[in-house]
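Here the structure comes first, spelled out in structure tokens, and everything after it is commentary.
Bear in mind these aren't lab numbers, they're just calculated from the coordinates by the rules spelled out. Nothing here was measured: the structure is a model prediction, and the numbers come from that model. Cβ: placed from backbone, ideal geometry, glycine included. Neighbour counts: every protein chain shown.
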Amino acid sequence: MIQRAAPAYIRKLFGSSSPHLQGLFEGTKAYRQDNGGLSLFRPRENAIRMQIGAERMCMPYPSTDQFVDAVKQTALANKRWIPPSGKGSLYIRPLLFGSGSILGLAPAPEYTFLVYACPVGNYFKEGTAPLNLYVDEDFHRASRGGAGGVKSITNYAPVLRAIRNARERGFSDVLYLDSVNKRYIEEVSSCNIFLVKGRLISTPIACGTILEGVTRKSIMDIAIDLGYQVEERLVEADELISADEVFCTGTAVGVAPVGSITYKGQRIDYKIKSELVCKKLYSTLVGIQKGHIEDKRDWIVDIE
Ligand SMILES: *Cc1c(COP(=O)(O)O)cnc(C)c1O
């Protein structure tokens, strides 16, 4: 006999607070400055990115002020967990998701915006050791017209398999190619990528399949300040062979040098010298965040 009444667990599953189809997240950090003060780094950028993502996902969204205030309140409420300057930071994860009693393929009837936080040290187990990347030619993280350019919760589940395959073979992470030509590099699972060749620093141009990191944007500005030429353009995987240096950027990783990239069965090794360009860029970024390099562009939001 077919049972027609919904069992209790199904009713519970579709109860009013269960997540629905739409979801966006953000990632930012609260830092202790050298003088003991507490600050956020460019939180308005995260607010705006969430708004652009929400438009793409047909979701209502918090205003920039509401978003920044929520992040600030979360940091202040958890300040006893914030490590001292240089020892780590408080990673803050805002979430926006649809919920409510609806099954259909339609925007949810209600939305939840929540913010949580966790103290963090280094992102990769290797700490500041160079990353060993694997160029995956089979799995892609984003496609044209898709949602790879916004911080959707749907971006990560599909790359877990690619990451697991790479980690099992001893790599730190995966470098993805564009899904149309399989010829241009796009980004790593959760961070952006840069190539250095002489005084020229190049990063793949973001046309909807690359998540535009706040760190990416900040590093480009810092590089220009330090006298480098910076280009956002299509970057061919073949250019990896002749690059002097490759590095990744993201809130979680910071700026991480790449030690090797394995592409089409060939391993390209990069010399990790003490005077890497990426180290200079990163120490400038960290200097601004910790308050001992002038913050010319009002990136730092002091909250205490
Ligand atoms: C969050 C994220 C980044 C890095 O962005 P930041 O704002 O610098 O932290 C890069 N790529 C992907 C896929 C991401 O989700």
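Quick look at the values:
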read-out	value
Computed E for residue 231/residue 78 - FRET, C-beta separation, R0 45 angstrom, nearest 0.05	0.70
The chain, helix-only ellipticity at 222 nm - DSSP H runs n ≥ 4, -39,500 (n - 2.57), divided by all residues, nearest 500	-7500 deg cm²/dmol
Alpha carbon convex hull of segment 137-222, volume per residue in cubic angstrom	108 Å³
³J(HN,Hα) computed for each position of segment 93-99 - Karplus, 6.51 cos²θ - 1.76 cosθ + 1.60, integer Hz, glycine/proline x	10, x, 10, 9, 9, x, 8
FRET E, pair residue 34, residue 58, Förster distance 45 Å, beta-carbon r, rounded to 0.05	0.55
Karplus-derived 3J(HN,Hα), 6.51/-1.76/1.60, for each residue of segment 65-76, Hz, glycine and proline x	5, 4, 4, 5, 5, 5, 5, 4, 4, 5, 5, 5
Histogram of C-alpha separations across segment 153-304, 10 Å bin width, %	10, 40, 35, 14, 2, 0
Simple spin-label estimate for residue 266 and residue 199 in nanometres, 7 Å along Cα-Cβ	3.0 nm
DSSP beta bridges in segment 131-290 [antiparallel fraction, %, rounded to 5]	60 percent
Once the Cα gyration tensor of segment 9-121 is diagonalised, semi-axes √(5λ) in Å	31, 16, 10
Estimated inter-spin distance, residue 274 and residue 167, nm [label 7 Å along Cα→Cβ]	3.4 nm
Between 0 and 90°, nearest 10: helix 214-225 axis offset from the chain longest Cα axis	20 degrees
Placed amide H near residue 230: partners under 5 Å, 5+ positions off or other chain	201
Extended-chain gain in nm, criterion 0.36 nm per residue less alpha-carbon gap, residue 66 and residue 93	8.2 nm
Positive-end extreme of charge dipole, the chain - chosen from 64, 227, 21 (charges on Cβ)	21
11 Å beta-carbon shell around residue 46, net charge (K/R +1, D/E -1)	+4
Calculated from backbone phi, Karplus (6.51, -1.76, 1.60) coupling profile of segment 154-163 in Hz, x at Gly/Pro	7, 7, 8, 3, x, 9, 4, 5, 5, 5
Radius of gyration and Dmax over the Cα atoms of the chain, both given in Å	20.6, 76
Contour minus Cα-Cα distance for residue 295 and residue 154 (0.36 nm per residue)	47.3 nm
